[in-house]
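**Q** This is the structure I have questions about; it appears just below.
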Amino acid sequence: MSLISSFFAKPRFVIQPIGAESSEDCERLHALSFAFPWTKIDFENLLTDANVIADGAVGERRRKAELAGFILSRLTPPDAEILTFAVDPLRRGAGIGKKLLDVHVTNLERGGARLVFLECGEDNAAALALYNRLGFVIIGRRENYYLSASGERQAALTMRLEL
Ligand SMILES: CC(C)(COP(=O)(O)OP(=O)(O)OC[C@H]1O[C@@H](n2cnc3c(N)ncnc32)[C@H](O)[C@@H]1OP(=O)(O)O)[C@@H](O)C(=O)NCCC(=O)NCCS
């Protein structure tokens, strides 16, 4: 690959486990994705917690590792709960979220999960499409669960996947 084409080449992303070294990138992507951002320290705590399974979409960009997305779950076999899941807004719609979720659920299953739970805003069409496709089903609705940046309340759907 020439220098110019390598400069403009789109990075390929590999789904792999991530640790505390990704805390700052997770903090940045989380702030771009949610109204109430989690801090770097929040992520350091989660990413060093033995019960938390964390996967990232990692690519090479100009010789520097780039995190395009991440997903974190708490694993307490036989249950697991997805805690947070986000893809860089600039990289959405390219299949990264689907790949992350697929690999992550396989990792949870390997770790002993038989049921995976999550909460999702009921108007979050992109996330709901992904969860539905993987086999998650709605098992409940929690009124006023989320607070938006503008102060509005929104219901969450509780979903569960049987493995
Ligand atoms: C949800 C999220 C992680 C998806 O990541 P992504 O990389 O864009 O997902 P993908 O590219 O793999 O798309 C997955 C599917 O969702 C669909 N989708 C994407 N955006 C959509 C939208 N706005 N409405 C409906 N479906 C949508 C895609 O069409 C795709 O299905 P397809 O393969 O049939 O086309 C991403 O949108 C995100 O980070 N959102 C903000 C944070 C968030 O809401 N996290 C989930 C909390 S529960």
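**Q** Restrict the check to region 9-22 and report whether at least one residue is under 22 Å from Phe117 (Cβ atoms), surrounded by 12 or more Cβ atoms within 10 Å (Cβ to Cβ) and in contact (Cβ under 8 Å) with a residue 60 or more places away in the chain.
**A** yes
**Q** Of all residues in region 43-88 being of a type in the set (Val, Ile, Thr) and not in a loop (DSSP other than H, G, I, E, B), which is farthest from Pro17 (Cα to Cα)?
**A** The qualifying residue farthest from Pro17 (Cα to Cα) is Thr76.
Yes or no, residue by residue, for (1) in contact (Cβ under 8 Å) with a residue 40 or more places away in the chain; (2) out of contact with any helix residue (DSSP H, G or I) (no Cβ under 7 Å at 6 or more places or on another chain); (3) of a type outside the set (D, E, K, R):
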{"position": "Arg61", "(1), (2), (3)": "yes, yes, no"}
{"position": "Ala80", "(1), (2), (3)": "no, no, yes"}
{"position": "Ala86", "(1), (2), (3)": "yes, no, yes"}
{"position": "Gly93", "(1), (2), (3)": "no, yes, yes"}
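**Q** Taking region 123-141, which residues are modelled with pLDDT of 95 or more and more than 10 Å from Met159 (Cα to Cα)?
**A** Result: Asn124, Ala125, Ala126, Ala127, Ala129, Leu130, Arg133, Leu134.
**Q** Just a yes or no: is a residue in region 135-156 touching a helix residue (DSSP H, G or I) at 6+ places or on another chain (Cβ under 6 Å) and under 22 Å from Glu27 (Cα atoms)?
**A** Looking for residues that are touching a helix residue (DSSP H, G or I) at 6+ places or on another chain (Cβ under 6 Å) and under 22 Å from Glu27 (Cα atoms), one finds none in region 135-156, hence no.
**Q** Among the residues of region 70-100, write down those that are over 13 Å from the mean Cα position of the chain (by Cα) and among the acidic types (Asp, Glu).
**A** Across region 70-100, the qualifying residue is only Asp79.
The values are calculated or read from the model by the stated rules, or taken from the named source; none is laboratory data. Everything numeric here is computed off the predicted structure, so don't read it as measured data. With ideal geometry, Cβ positions are generated from the backbone for all residues, glycine too; neighbour counts draw on all protein chains shown.
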